[in-house]
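Worksheet: one structure, shown below.
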Amino acid sequence: MQSYLQITTFTFSLLIIYSLSLPSPTQANNFVTTIEDEQEVQQLIGLNFNKQKLTHFKLYWHDVLSGPNPTSVSVINPPNKNSPTGFGTTNMIDNPLTYGPKLGSKLAGRAQGFYASACQKDVGLLMAMNFAFMEGKYNGSTITVLGRNMVFDKIREMPIIGGSGLFRFARGYVQARTNTFNLKNGDATVQYDCYVMHY
Ligand SMILES: *[C@@H]1O[C@H](CO)[C@@H](O)[C@H](O)[C@H]1NC(C)=O
């Protein structure tokens, strides 16, 4: 009985010594801070959380496959040559985004990313791209579009899943409408109406 008590006391003191050598809870958690003060938030990220706004951009997206300087290049050809939809085919893009429907009209930025045939029965693409703005107020800011694009539908809606710069914490959607499509070389111009909620 006596030795049992001694062992217990010994274990107990060991536990106390061990717990004293542990960092205090504040020390253990100092990699994370929660900022609740509005002014501090604004100072830290330069955005006003009380003022959410909706911005609409009407842009034209140019998928240029032809000519000496294509902005859309095939990086994966259809793995299954018999697939009617070219399932798996993937294009990497650095497509101009312009204010007007003409390729030569004023450049707003570039759509950088890829699209891939992700549908076995219909012509449907997975679009994964960043709209990098390169002009005016939004120069340097980006929004990210990730969505399903059934290219023969009149209007295709895809989510805007985030952004950077002036579009931090952004979300929204785009509506894509084919403006021109060249059956011979595959070049296309698509109107993108972007609706972005941001601060
Ligand atoms: C956009 O920003 C870049 C980097 O700051 C700058 O070099 C460029 O001239 C700007 N473009 C326009 C059109 O203002």
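Every number here is computed from the coordinates shown, using simple stated rules; none is lab data. In this text the structure is predicted, and so the values were computed from the model without any measurement. Cβ coordinates were reconstructed from backbone atoms using ideal geometry, including for glycine residues, and neighbour counts include every protein chain displayed.
A few comments on the model shown:
- Each helix, a run of at least 4 DSSP H residues, gives -39500 (n - 2.57); summed and divided by the residues of the chain, these come to -5000 deg cm²/dmol at 222 nm.
- If the segment from Lys121 to Met134 were pulled out straight at 0.36 nm per residue, it would be longer than the present Cα-Cα gap by 0.9 nm.
- Spacing of the two label points (7 Å from each Cα toward its C-beta) at Ile45 and Ile161, in nm: 1.9 nm
- Percentage relative contact order, segment 51-198, counting C-alpha pairs under 8 Å, at least six apart: 23 percent
- Size of charge dipole - the chain - debye, nearest 20, with Cβ of Lys, Arg +1 and Asp, Glu -1, no other charges: 700 debye
- Rounded tilt (10° steps) of 2-21 against the dominant C-alpha axis of the chain: 40 degrees
- Förster radius 22 Å - calculated FRET efficiency between Phe169 and Lys106, Cβ distance, rounded to 0.05: 0.20
- Positive minus negative residues near Glu157 (Lys, Arg vs Asp, Glu; Cβ under 13 Å): +2
- Loop-located chymotrypsin sites (Phe, Trp or Tyr not before Pro) in segment 108-156 (DSSP state not H, G, I, E or B) with no more than 14 neighbouring Cβ atoms inside 10 Å: Phe152.
- Whole-percent pair-distance distribution, where bins are 5 Å wide, for the alpha carbons of the chain: 1, 7, 11, 15, 14, 10, 7, 6, 5, 4, 4, 3, 3, 3, 3, 2, 1, 1, 0, 0
- This ranking places Phe169, Phe87 by how few other beta-carbon atoms lie within 10 Å of each, fewest first, which gives Phe169, Phe87.
- When each of Lys137/Lys184; Lys53/Lys106; Lys121/Lys184 is checked by Cα-Cα distance, pairs over 31 Å: Lys137/Lys184
- Ranked for footprinting exposure by Cβ neighbours inside 10 Å, fewest first, Met127, Met197 give Met197, Met127.
- Going by neighbour counts of Cβ atoms within 10 Å, the residues Thr33, Thr144 line up, fewest first, as Thr33, Thr144.
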